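The values are calculated or read from the model by the stated rules, or taken from the named source; none is laboratory data. All figures in this text were calculated on a predicted structure; none of them were measured in a lab. Every residue, glycine among them, receives a Cβ derived from its backbone with ideal geometry; neighbour counts consider all protein chains shown. Protein only, heavy atoms only, side chains kept; ligands, DNA and RNA dropped before computing areas. Shrake-Rupley method; radii C 1.70, N 1.55, O 1.52, S 1.80 Å.
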Amino acid sequence: MKKIAIIEDETAIRENYMEMLSAQGYQVSGYSDRQSAEHAFNDTLPDLAIVDIGLGHEIDGGFLLCQTLRSLSKTLPIIFLTARDSEIDTVCGLRMGADDYLTKDISMAHLAARIGALFRRMEALEQPADQNALLNRGPLTLDTKRMQVFWLQQLVDLTVTEFWMVHSLAQRPGHVKSRHELMSDAKIYVDDSTITSHVKRIRKKFIALDAQFDCIDTVYGMGYRWEQL
């Protein structure tokens, strides 16, 4: 049974999510503040964490908790679930290593689907590589079964959303993908500015491995395309 931790300071909201996820077969623990969550996580980590940003008197308590979780595990799936929908908060959350950033107006069905997608990603990472699942584009290799991306044989540390965006672009080099198409392929529902933030973050991750990386081209007014080397 997968273990999910929900860190949310509003009791009614926290209990609502806990009830819904418990009904779906997850073992769910709830915490109202960063300190109690960190104390519990020092003993045992959950399989996935759902974190609000504002926790009690800590306006950015969720961001601090995300940093703590990432120091404890590089692969633990983390979802921010918050009422804060500004681009600055979204970018900060993703840069801190969260796998997803959702707002509280999301439906329960949509939340459950995103959780399921992250768990499938983790299960895929545990499977051996399958040559039939590999997509090669020059120095780029995508393993669609294990959901991993390699550049110059180096692993690129992408979130599940970023993986599917790179996959969408690399499938058809030279073909322009609109922001809406990238959103659809990555199965996310956000505004254009958030897609732009994702692309910027993807570029930085590739450049960190190869300063000469320049394969994601912005086609102004249209979208993005993968330029084959």
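Considering only 33, 100, 60, give the residue with the highest GNM mean-square fluctuation for the chain, with springs between Cα atoms whenever their separation is below 10 Å. Of 33, 100, 60, the most mobile in the Gaussian network model is 60.
What does the charge add up to near residue 28, with Lys and Arg as +1, Asp and Glu as -1, over the other residues with Cβ less than 12 Å from its Cβ?
So the surrounding residues net to -1.
For residue 222, neighbours were defined as the other residues whose beta-carbon sits under 10 Å from its Cβ, and their charges (Lys and Arg +1, Asp and Glu -1) total +3.
Viscosity 1.567 mPa s, temperature 4 °C: what is the translational diffusion coefficient of the chain from Stokes-Einstein with a Kirkwood Rh over Cα pairs, rounded to a whole number of µm²/s? It diffuses with D of about 70 µm²/s by this estimate.
With θ taken as phi - 60° and the Karplus curve 6.51 cos²θ - 1.76 cosθ + 1.60 applied, the whole-hertz 3J(HN,Hα) list for segment 169-185 is 6, 6, 4, 10, x, x, 8, 6, 9, 6, 4, 5, 5, 4, 4, 5, 5 Hz, x standing for glycine and proline.
Taking each DSSP H run with n ≥ 4 as -39500 (n - 2.57) and averaging over every residue of the chain yields -13500 deg cm²/dmol at 222 nm. For segment 32-71, the average shadow cast by the Cα convex hull is 2.6 nm², which is a quarter of the hull's surface.
Each Cα pair under 8 Å and six or more residues apart adds its sequence gap; the mean of these over the residue count of segment 1-90 is a relative contact order of 29 percent. Compactness of segment 1-44, taken as the C-alpha radius of gyration over 2.2 N^0.38 Å, stands at 1.12. 3J(HN,Hα) along segment 33-43: 8, 5, 4, 5, 5, 4, 4, 5, 6, 5, 8 Hz, from the Karplus curve 6.51 cos²θ - 1.76 cosθ + 1.60 with θ = phi - 60°, whole Hz, x for Gly and Pro. Over 25 Å between Cα atoms: which of 177/205; 3/177; 74/200; 74/145; 2/74; 145/205 fall into that group? From 177/205; 3/177; 74/200; 74/145; 2/74; 145/205, over 25 Å: 3/177. At a probe radius of 1.4 angstrom, the accessible area of the chain per residue rounds to 49 square angstrom. Name the long-range amide H neighbours of residue 158: under 5 Å, sequence gap of 5 or more, or other chain; modelled H, no Pro or chain starts. Answer set, sorted by chain and number: 149. For segment 8-52, relative contact order (Cα pairs under 8 Å, six or more residues apart, normalised by length) works out to 44 percent. Of 54, 30, 116, the residue with the greatest mean-square motion in the GNM of the chain, using alpha carbon springs below 10 Å, is 116.
Rounded to a whole number, what % of the accessible area of segment 139-181 do carbon and sulfur atoms account for, probe 1.4 Å? Before the final figure, lay out the partial values.
Working: 880 of 1840 Å².
Of all accessible area on segment 139-181, carbon and sulfur atoms account for 48 percent.
Dividing the mean sequence gap of close Cα pairs (under 8 Å, 6+ apart) by how many residues the chain holds gives a relative contact order of 12 percent. 3J(HN,Hα) couplings calculated from phi for segment 78-86 with the Karplus curve 6.51 cos²θ - 1.76 cosθ + 1.60 (θ = phi - 60°) are, in sequence order, 10, 10, 7, 10, 8, 7, 7, 10, 6 Hz; Gly and Pro show x.
Length, then width, then depth: along the principal axes, the Cα atoms of segment 138-208 run 33, 23, 23 Å.
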